[in-house]
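Everything below concerns the one structure shown next.
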Amino acid sequence: MADTEQAKDKPEQKPDSKPELRDMSSVCPKGDVLVIAEHILGDLQPVTLELLGAGRILADKMDRKLLCLVMGHELGDIPERLVEQGADEVYVAEHEELKYYRTLPYRRVVCDFLESLPEQPHTALLGSTTTGRDLAPRIAAHFDTGLTADTTELDIGPYEHTSKVDPSKIGLYPNCLYAIRPSFGESLKARILGPWKNPQMATTRPGVMVPLKRDTKRKGTIRKIPVNLKPDDYRLVVTELVREVAKGVKLTEADVIVSGGYGLGSPDGFDLVRELSKAFENSAVGASRKVVDLGWISYHHQVGQTGKTVRPKLYIACGISGAIQHRVGMSKSGLIIAINKDPDAPIFKFAHQGIVGDIYQIIPEMIKQFQAVQSSEGVKTVVGTH
Ligand SMILES: Cc1cc2nc3c(=O)[nH]c(=O)nc-3n(C[C@H](O)[C@H](O)[C@H](O)COP(=O)(O)OP(=O)(O)OC[C@H]3O[C@@H](n4cnc5c(N)ncnc54)[C@H](O)[C@@H]3O)c2cc1C
C-alpha cells in the first residue's frame, strides 16, 4: 500500500521510454590488443599472421599497441617475425615444458602474463584452431570474461545498453569489440558484444582475416617473460607428436578445389575426384565431413565448419548434399559447380552452376573434355581471377 502511495508521487515514466545512458567507458576502456600466437614446433601458423593483421587494425583504431604472446621452446626467429608482421611488443615464454601445446601449462602462462600487466588488454584474439578452441575458453573462464568463437569480422564501436534486466549495466559503452560471425546457417551475421569486462575475447577462423605484408624493417620490442609452472600443470605428458603432412597444394591456397562427398559411394571414388582435380593448375582435393568421419580420406581435406574455410576461384562439389556445416566453409568460392543426382539437393540452392546426374557418368566426361582441351592447347586448365 505504501509503495502505491509513493509511486503516485513519482514522475510518470512511459514503460518503453529510453533510460538515461551513463558513460560506461571505464568498464571496458580502450586498451591494447593481444594476439596469442600459435606455432607447431617452430612452424608459425598462418592464422597468427592473419590475427596480427586484424589486431593491427583494431589497435590503430583505439590508438593503442598490438601485443603478441608466444609460448614454446627454441623459438628461433619467431619473435622477430611477429614484429615484422605487425606486433609492437612481443612477449616470449620459453621453456622446455612448452615445446608441445598442452592445455594446463599454456593456460598457466597466459593467465600469469595477463595478471602481470598493469592494465588488461582491451581485446585478446586466438585462432579458431584445435589449440585456440581449447585454450581460449580456459582463459575466458579464468578471467570471467566473454568469448566469441569462430568470428569472421572484427571491429570496435559503441553500444547502447538499454535492457532493464540489470539496471546497473544500462549505459553507453563506447569501445566494444564487435565480434562478428555467421549464425542461423549463414543467413544472419551476428554481432556479439561482451563489454562488461576487458579483455574482450574472440577466436577467429583461419583463412578469413588478411595478414599484413611482411616488413623486415618494422621495429618492435621483444621481452622474455617468466614461466612458473606448478606440479598441477604436468598432469598430461606428451611423448610424441605425429604430424600428418599434407601432400600437394594446400586447400587454403588452391585456386581450384574438387571435393567429394558420401555420393562417391566408397573411398575409391576419390580416385576420380583426384583425376578431375589434376586437370587444373594449383588444385586440391576437398571432402565433406561425412567421408572424413568414415575414414575415406584424411581430416586435412575436410571443408566446412569443423574443417577448413576455403575460397578458391572454382569449387566443384561431387556427391555433396550441401549441409550448412559444409556450406559455411566454401560459400565464398568464386564459382561453385555442384554435381548431384538429386535435383532437390540443398547444394543446388547456392551453387552457381548445377549438374543433375550421376557423378560416375559426369566426372569421366568432364575429365575427357578437359583432356581434349589440354592435348590441343598443351596446358592444364588455369582458372582466372574472379
Ligand atoms: C557440429 C557439426 C559440424 C559439422 N562440420 C562439418 C564440416 O566441417 N564439413 C562438412 O562437410 N560437414 C560437417 N558436418 C556434417 C554435415 O551436417 C553433413 O552431415 C555432411 O556435410 C554431409 O556430407 P555429404 O554431403 O558428403 O553426405 P550426404 O548428406 O549423405 O550427401 C550425399 C549426396 O550425394 C548425392 N549422391 C549420392 N550418390 C550420388 C551419385 N552417384 N552421383 C551424384 N550424387 C550422388 C546424394 O543425392 C546426396 O545429396 C557437421 C555436422 C555437425 C553436427
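The values are calculated or read from the model by the stated rules, or taken from the named source; none is laboratory data. Since we're looking at a predicted model, the values are computed, not measured. Backbone-built Cβ (ideal geometry, glycine too); neighbour counts: all protein chains shown.
In this structure, residue 345 does satisfy being free of Cβ contacts under 8 Å to residues at least 40 places away in the same chain, more than 26 Å from the chain's Cα centre (by Cα) and within 9 Å of the ligand (Cβ to nearest atom). Against the test of being in a strand (DSSP E or B) and either surrounded by fewer than 15 Cβ atoms within 10 Å (Cβ to Cβ) or near the ligand (Cβ under 9 Å from one of its atoms) (or both), the options 339, 362 yield a single qualifying residue, 339.
Looking at region 232-254, which of its residues are of a type in the set (Val, Ile, Thr) and either under 27 Å from the mean Cα position of the chain (by Cα) or surrounded by 10 or more Cβ atoms within 10 Å (Cβ to Cβ) (or both)? Answer for region 232-254, where residues must be of a type in the set (Val, Ile, Thr) and either under 27 Å from the mean Cα position of the chain (by Cα) or surrounded by 10 or more Cβ atoms within 10 Å (Cβ to Cβ) (or both): 238, 242, 245, 249, 252. Taking the criterion of being under 15 Å from the mean Cα position of the chain (by Cα), part of a loop (DSSP other than H, G, I, E, B) and of a type in the set (Gly, Ala, Ser), the only residue of region 186-217 that qualifies is 207. Residues to consider are 319, 329, 269; find the one that is near the ligand (Cβ under 7 Å from one of its atoms), farther than 25 Å from residue 151 by Cα, in contact with a strand residue (DSSP E or B) (Cβ under 9 Å, 6 or more places away or on another chain) and touching a residue at least 24 places away in the same chain (Cβ under 8 Å). Exactly one residue qualifies, and that residue is 319.
Those residues that are out of contact with any helix residue (DSSP H, G or I) (no Cβ under 6 Å at 6 or more places or on another chain) and crowded, with 16+ Cβ neighbours inside 10 Å, I need them from region 138-149; list them, please.
140, 143, 145, 146, 148, 149
You will find that of 264, 229, the residue that is surrounded by 15 or more Cβ atoms within 10 Å (Cβ to Cβ), over 30 Å from residue 88 (Cα atoms) and in contact with a helix residue (DSSP H, G or I) (Cβ under 7 Å, 6 or more places away or on another chain) is 264 and no other. When 172, 193 are checked against the criterion of being assigned by TED's automatic domain parsing to the domain that holds residue 90 and under 30 Å from residue 323 (Cα atoms), a single residue qualifies: 193. Go through the residues of region 366-380 one by one and say whether even a single one is surrounded by fewer than 16 Cβ atoms within 10 Å (Cβ to Cβ), more than 33 Å from the chain's Cα centre (by Cα) and within 14 Å of the ligand (Cβ to nearest atom). No, every residue in region 366-380 fails to be surrounded by fewer than 16 Cβ atoms within 10 Å (Cβ to Cβ), more than 33 Å from the chain's Cα centre (by Cα) and within 14 Å of the ligand (Cβ to nearest atom). I need a count of the residues in region 199-225 that are surrounded by 15 or more Cβ atoms within 10 Å (Cβ to Cβ) and out of contact with any helix residue (DSSP H, G or I) (no Cβ under 9 Å at 6 or more places or on another chain). Matching residues across region 199-225 total 1. Only a single criterion out of (1) more than 30 Å from residue 109 (Cβ to Cβ); (2) touching a residue at least 40 places away in the same chain (Cβ under 8 Å); (3) assigned to a loop (DSSP other than H, G, I, E, B) is not satisfied by residue 228, namely (1).
Please verify whether residue 158 is farther than 30 Å from residue 326 by Cβ and not assigned by TED's automatic domain parsing to the domain that holds residue 304, treating the condition exactly as stated. Can you show your working first?
Working: farther than 30 Å from residue 326 by Cβ: yes; not assigned by TED's automatic domain parsing to the domain that holds residue 304: yes.
When the stated conditions are applied, residue 158 passes them.
Anything in region 301-311 that is in a loop (DSSP other than H, G, I, E, B) and either near the ligand (Cβ under 10 Å from one of its atoms) or buried (at least 24 other Cβ atoms within 10 Å of the Cβ) (or both)? List them, or say none. Talk me through it step by step, then tell me what you get.
Restricting attention to region 301-311, the residues satisfying the condition of being in a loop (DSSP other than H, G, I, E, B) are 304-307, 309-311.
Scanning region 301-311 gives 304, 305, 306, 307, 309.
Considering region 272-293, the residues that are part of a strand (DSSP E or B) and of a type in the set (Gly, Ala, Ser) include one that is nearest to the ligand (Cβ to nearest atom), namely 287. When residue 314 is tested against the conditions (1) more than 6 Å from the ligand (Cβ to nearest atom); (2) free of Cβ contacts under 8 Å to residues at least 40 places away in the same chain, the lone failure is (2). Across region 21-39, not a single residue is classified as of a type in the set (S, T, N, Q), outside any loop (DSSP other than H, G, I, E, B) and within 22 Å of residue 156 (Cβ to Cβ).
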